[in-house]
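The structure under discussion appears below in the form of structure tokens.
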Amino acid sequence: MSRSRTQAASPPAKGLLPVLILVLHAQLPAKDETTLRFADVSREAGLEFVHRNQVAEPDPGAKYLIETMGSGGGFLDYDNDGLVDIYLVNGRGSNRLYRNRGDGTFADVTGEAGVGNSSYGMGCAFGDYDNDGLVDIYLTNVGPNVLYRNLGDGAFRDVSRRSGVADPRWGTSAAFADYDGDGLLDLYLANYLEFSFQDHEPCYFGQIPIYCYPHGFEGVGNVLYRNLGGRTFIDLTRSAGLREEARYSKSLGVLWLDLDRDGDQDLYVANDTTGNYMFRNRGDGSFQDISLESGTALGGSGMAQAGMGVAAGDLDGGGRFHVLVTNYSLQYNALYWNEDGEFFSDRIIDSGLSGPSFVPLGFGANFFDADNDGDLDLFVANGHVLEEAARANQGSRYRQPNQLFLNDGKGRFAEAGGHGDYFSVPNVSRGSAVGDFNNDGKLDLLVTNCGGKADLLENRTEGSGNWIRFRLRGTHCNRDAVGARVILGTGGLELTRELRSASSYLSQNDPRLHFGLGQRTRIDSIRISWPCGKTQQVTPPRTLNRTISIQEP
């Protein structure tokens, strides 16, 4: 492993406190007159969490790259009470599990649950890997990863070694999906760089110590774990046809999704300074690498970018999922527009997202309907990885504002902001997740910050539209129904959502599928494509603004 001791002069293109009310005005003529309002309620909600990123040993004064990468978190309903709970991953400190009390506050239940893993943490993924009706927790670390099995009594058990998923390398994002259609959740693990404290060599900007760029590190291969049943997994990366050569992989973002609408789960991976991966599921247990020919490996200039987080959604009502990748500062984020399931074009400029994404360094990303008007808006978590970013480039900063963009319904976005408060306050944000923690039908945000507190942003939008939400449960398919697609018809529109495991950056969203309906007062049709191949027509509900549980027939 070799790396430079001296870096180039410029980075490569790569509560109870007063509630802070965030007021954002959208300048989109196609939108209804709706003012988005978010409030940071993390402290009054009881989320007393601070991410600790500084390494104490072996040299507390050194700049270790792991310190600037942050960690993730997400929403899960670990006790099946219909309220989403929160899990937060720490760096040099204990992870935390917060149980939702149902009154807008959370109780720290980490000790009684036994999930306070204190390894240097990175990401999390939630899924019922043993189909017992209880969601389990998988953690990625700088060091051995951890799988916690949910025992159903409020406690979890560490089954990492027994299950075969305790990878000892630098894990980043991970995600569950049933790629082979056998009704069991499999697991894909992204690994980042070949790193050790013993081999660490310092890097400098002039005479100033800085965090090293990833160029000076060797990559680490990723892993596909197939679920064998019996609560064990096996590494089938090579036989499944997935790249495992370390030099190609410096992976940070992972997303399972059905890109070609053939009913099985394809795989997209965002890589840092190397080309991104797109693997098409052949449906026979193997994958075809279509990264280059699909147009999703490189940026619009034909060069590899520094991919961080990844999100996907149907942005124009066409039924296809388009993929967004957040990139390094002074690189545009990428919006790979799904043309036919196997070919994509980068529409970041046409979407209106190129200019606003050029200076910030993006990490977490989420498509979600912020105002319940029926289309998917976009949140991006920003923050540089170099504390000295302003010295390297005067237009950049270490702390950067996060961004919220509103969709005009056709995949064109405009930034909702300009009035200060949260979306004008700079931070060093990393992971992000979407969920409705208070079940009021408005989607909230969870944001993790490197070396700082976690932000829980309650959506207090006035004039928000009608909505409907689905909680799906598999019978023959995996219990979580990961991979299920719901197509909802309303007022001449078709809205498509897919149930996924982790996405964004090191994080996972609320597992319930949420549809904003705007001012529409009825649903015309509901069609569910279950991940095992069944299609189900569901009688539309007569009343809206509620959550409906649907079990696979």
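The values are calculated or read from the model by the stated rules, or taken from the named source; none is laboratory data. All values reported here derive from a predicted model rather than from experimental measurement. Glycine gets a Cβ as well: all are built from the backbone with ideal geometry, and neighbour counts include every protein chain shown. Note: areas computed on protein heavy atoms with side chains; ligands, DNA, RNA excluded. Shrake-Rupley method; radii C 1.70, N 1.55, O 1.52, S 1.80 Å.
Descriptive notes on the structure:
- Extreme residue, nearest to the chain's Cα centre (by Cα), among residues of segment 329-357 that are under 21 Å from G70 (Cα atoms) and not hydroxyl-bearing (S, T, Y): N333
- Segment 211-233 - residue that is under 25 Å from the mean Cα position of the chain (by Cα) and within 30 Å of R391 (Cα to Cα) and, of those, modelled with the lowest pLDDT: H215
- Sole residue being part of a strand (DSSP E or B) and within 19 Å of N478 (Cα to Cα), chosen from I137, I86: I137
- Among the conditions (1) buried (at least 24 other Cβ atoms within 10 Å of the Cβ); (2) in contact with a Phe, Trp or Tyr (Cβ under 6 Å, 6 or more places away or on another chain), the only one that V380 does not satisfy is (2).
- Residue ranges of strands (runs of 3 or more DSSP E) in segment 151-223 with at least 3 members under 30 Å from P531 (Cα atoms), open to solvent by 10 Å² or more (accessible area, probe 1.4 Å) and out of contact with any Ser or Thr (no Cβ under 8 Å at 6 or more places or on another chain): 156-158
- One residue stands out among those in segment 37-76 that are touching a Cys at 6+ places or on another chain (Cβ under 7 Å) and in a strand (DSSP E or B): the one that is nearest to E387 (Cα to Cα), which is G73.
- Positions within segment 234-275 being buried (at least 16 other Cβ atoms within 10 Å of the Cβ), among the hydrophobic types (A, V, I, L, M, F, W, C) and modelled with pLDDT of 95 or more, in sequence order: L236, A240, L252, V254, L255, W256, L257, L259, L267, V269, A270
- Condition broken by Q536, with the remaining ones in (1) open to solvent by less than 10 Å² (accessible area, probe 1.4 Å); (2) over 29 Å from T140 (Cβ atoms) satisfied: (1)
- The set of residues in segment 67-106 that are among the hydrophobic types (A, V, I, L, M, F, W, C) and either more than 30 Å from P209 (Cα to Cα) or more than 19 Å from the chain's Cα centre (by Cα) (or both) comprises F75, L76, L83, V84, I86, L97, F106.
- A390 meets all of the listed conditions (1) of a type in the set (G, A, S); (2) out of contact with any strand residue (DSSP E or B) (no Cβ under 7 Å at 6 or more places or on another chain); (3) crowded, with 24+ Cβ neighbours inside 10 Å but one, namely (3).
- Extreme residue, surrounded by the fewest Cβ atoms within 10 Å (Cβ to Cβ), among residues of segment 276-286 that are within 17 Å of L187 (Cα to Cα) and touching a strand residue (DSSP E or B) at 6+ places or on another chain (Cβ under 7 Å): R280
- Checking the stated criteria, N80 turns out to be more than 26 Å from V425 (Cβ to Cβ), at pLDDT 95 or above and assigned to a loop (DSSP other than H, G, I, E, B).
- Within segment 135-148, the residues that satisfy the criterion of being in contact with a strand residue (DSSP E or B) (Cβ under 6 Å, 6 or more places away or on another chain) and either modelled with pLDDT under 95 or under 16 Å from D186 (Cα atoms) (or both) are V135, D136, I137, Y138, L139, T140, N145, V146, L147, Y148.
- Test for G104: is it of a type in the set (G, A, S), more than 19 Å from T448 (Cβ to Cβ) and at pLDDT below 95: no
- Number of positions in segment 90-111 that are assigned to a strand (DSSP E or B) and either open to solvent by 30 Å² or more (accessible area, probe 1.4 Å) or of a type in the set (D, E, K, R) (or both): 3
- None of I550, I523, I528 is open to solvent by less than 20 Å² (accessible area, probe 1.4 Å) and outside any strand (DSSP E or B) except I523.
- Residue match in segment 392-401 (condition: of a type in the set (A, V, I, L, M, F, W, C), within 22 Å of Q305 (Cβ to Cβ) and modelled with pLDDT of 95 or more): no
- Count of segment 313-330 residues which are β-branched (V, I, T) and within 15 Å of M303 (Cβ to Cβ): 1
- Selection within segment 74-89 - touching a Ser or Thr at 6+ places or on another chain (Cβ under 8 Å) and surrounded by 23 or more Cβ atoms within 10 Å (Cβ to Cβ): G74, L88, V89
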